[in-house]
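A short reminder: the numbers here are calculations on the coordinates, not readings from a lab. Predicted model, so just to flag it, every value in this text is computed and none were measured. All Cβ positions, even for glycine, are placed from backbone atoms using ideal geometry, and neighbour counts span all protein chains on display.
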Amino acid sequence: MFWAGLFALLLLAFTAATGTLANADPLPRERQLSITMPTTRVNLSAKFGETSSYWGGLPHSGLDFDGDTGDAIFAVAGGVVKEVGMRGSYGRTITISHSDGVASMYAHLSATEVNVGDQVFAGARIARMGATGNVSGSHLHLEIQLRGVPTDPYGFLFAANPGRVSDPPAWACRIYSC
Ligand SMILES: [Zn+2]
């Protein structure tokens with residue numbers, strides 16, 4: 001009985017180890033999903049990685065799109081709504097799950113127009129811009145998360161042409177120089 005138990009444990013450990021190796025991917029996963037515009041106007045007030053006393057000295061975890069309360073917010077890619085609700089300094093938020101452990105989070109919303117479990121397509125209207133949470137004015141904080149970790153949206157914007165930036169979407173060039 002003891003040996004059978006030990007064998008099962010070793011088999012489990014072996015499966016876990018080989019499973020990790022099998023899942024290893026030499027290409028960044030963010031290259032596999034391209035994102036579309038979350039707002040009708042692209043007027044960026046903060047980029048990913050910028051630091052400011054406003055964020056407690058921490059690097060900014062997303063992209064801030066300036067606008068007015070009530071402006072329409074669109075899903076940047078197809079997926080399933082995972083979370084809708086208040087999240088501290090992020091205010092009212094929506095989080096959408098996409099493929100390969102990628103999620104998009106929309107923060108500081110004034111109103112939400114989807115529910116947990118809803119299927120959404122890229123470009124679907126999901127919310128209204130607002131100024132809830134820790135903000136100095138109305139804007140959208142868009143955060144792209146890779147397995148729960150905030151990630152630079154750069155790779156997603158240029159996903160249509162991985163490794164090259166010769167043909168990026170025009171709106172991406174208003175965020176990153178092209
Ligand atoms: Zn922000």
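Things to note:
- One chain, two ends: residue 97 and residue 116. Fully extended at 0.36 nm per residue, the span grows by 5.8 nm beyond their Cα-Cα distance.
- Applying both filters, DSSP loop and at most 14 other Cβ atoms within 10 Å, to the GluC sites (Glu not before Pro) of region 46-117 gives 50.
- Principal axes of region 42-148: Cα extent on each, largest first, Å: 37, 29, 25
- Net charge contributed by nearby residues that have their C-beta within less than 13 Å of residue 107 (K/R +1, D/E -1): 0
- Taking the three principal axes of the alpha carbon atoms in region 40-94, the coordinate ranges are 32, 25, 21 Å, sorted in descending order.
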